[in-house]
Every structure is written in structure tokens, then in C-alpha cells.
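The values are calculated or read from the model by the stated rules, or taken from the named source; none is laboratory data. The structure displayed is predicted, hence computed values, not measured ones. Counting neighbours? That spans all protein chains shown, and the Cβs are built from the backbone with ideal geometry, glycine included. For accessibility, only protein heavy atoms count, side chains too; no ligands or nucleic acids. Shrake-Rupley method; radii C 1.70, N 1.55, O 1.52, S 1.80 Å.
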Amino acid sequence: MDYLVIELFDKKTALSLRNSIYEDKDNWIDGKSTAGGHAKKVKNNFQLKTDSKTYIDVTNKVVSTLNNNSVFKRYSIPKKIHSTLLSRAVVNQGYGMHWDNAYMNGGNRCDLAFTLFLEDPN
């Protein structure tokens, strides 16, 4: 498996995005709602509703930044970015061991999955 690690946002922007996500207290749902197969048994997190203003604003910023990032584009050559999820986990939560489905979001092929961390790893 290949992987790429890049700094997509500077620290100030990442913290701003993270804060706007955390400030939205009313639009979180059980992460199992987007899991399929085995993942439903191990996925234990929250996800922001895709129709919330926060989700739309943050997702637009992330997708726009990815589409304009030359390193990402050279690595992945994306045709389309779809099925973004904004997730959060607290102590004793997480994704567990799982794999992403090859088809997501009503049958869209998913050849590349990524995780964007907005939290300082420390």
C-alpha cells in the first residue's frame, strides 16, 4: 500500500477548521450510519450531518484545497472527490480495524481514501 503524508493546512487554518467543527454541538450522528459490513461492528465515533452548514463549509474548504494542491494531484490524479466525512472520536472511541468499501455514496467508485487530521497529534 502506498501512502502520502503532506501538510495540507497551516496550523492556524487547521485549528480554525477544527474549532468550527467542535462548535457545532447539534449536528452529530452515530458514525455507524455510514459503515458497511464488518465496519458496523467496530466503528465507534461521531460524524457531522452532511446537510449541516458546518459540514458544507468545512468540506468545501478541504476539497478546494485538495484540488489546488499540486503534490496531492500528482500523487492521486483525482477525477472526483466524493463522500467526505467529518468525524470525531473521544476517549475509547475510534474506527477499529476495518477496510473501506470500494463503492460508496450510492455506487461511486472509491479508489483512494484519506484521513485529514485537524488535531495536534500530541
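Picking from LYS40, LYS61, LYS79, which is most flexible by a Gaussian network model of the chain using Cα springs under 10 Å?
LYS79
At a 10 angstrom cut-off on C-beta neighbours, averaged per residue, how do the peptides 44-50, 62-68 rank from highest to lowest? List each step's numbers first, then the result.
Details: 44-50: 17.1, 62-68: 14.0.
Order by mean packing, descending: 44-50, 62-68.
Once every DSSP H run of n ≥ 4 in the chain is given -39500 (n - 2.57) and the sum is divided by its residues, what mean residue ellipticity at 222 nm do you get, rounded to the nearest 500 deg cm²/dmol?
Working: 4 runs with 39 residues, N = 122.
My calculation for the chain gives -9500 deg cm²/dmol from helical runs alone.
Hey, any idea what % of the chain's accessible area is carbon plus sulfur with a 1.4 Å probe?
Working: 4670 of 8970 Å².
Here carbon and sulfur together make up 52 percent of the probe-accessible area.
Starting from one equal scatterer on each C-alpha and no solvent at all, send me the Debye-based log10 I(q)/I(0) for the chain at q = 0.12, 0.19, 0.23 Å⁻¹, two decimals.
Computed log10 I(q)/I(0) values: -0.48, -1.31, -1.72.
Among HIS38, HIS82, what's the order by accessible area (1.4 angstrom probe), most exposed first? Don't jump to the answer; show the numbers that get you there.
Working: HIS38 80, HIS82 40 Å².
Order by accessible area, largest first: HIS38, HIS82.
With a 1.4 Å probe and all protein chains left in place, how much accessible area per residue does region 1-66 have, in Å²?
On the way: 4350 Å² over 66 residues.
Using a 1.4 Å probe on heavy atoms only, each residue of region 1-66 averages 66 Å².
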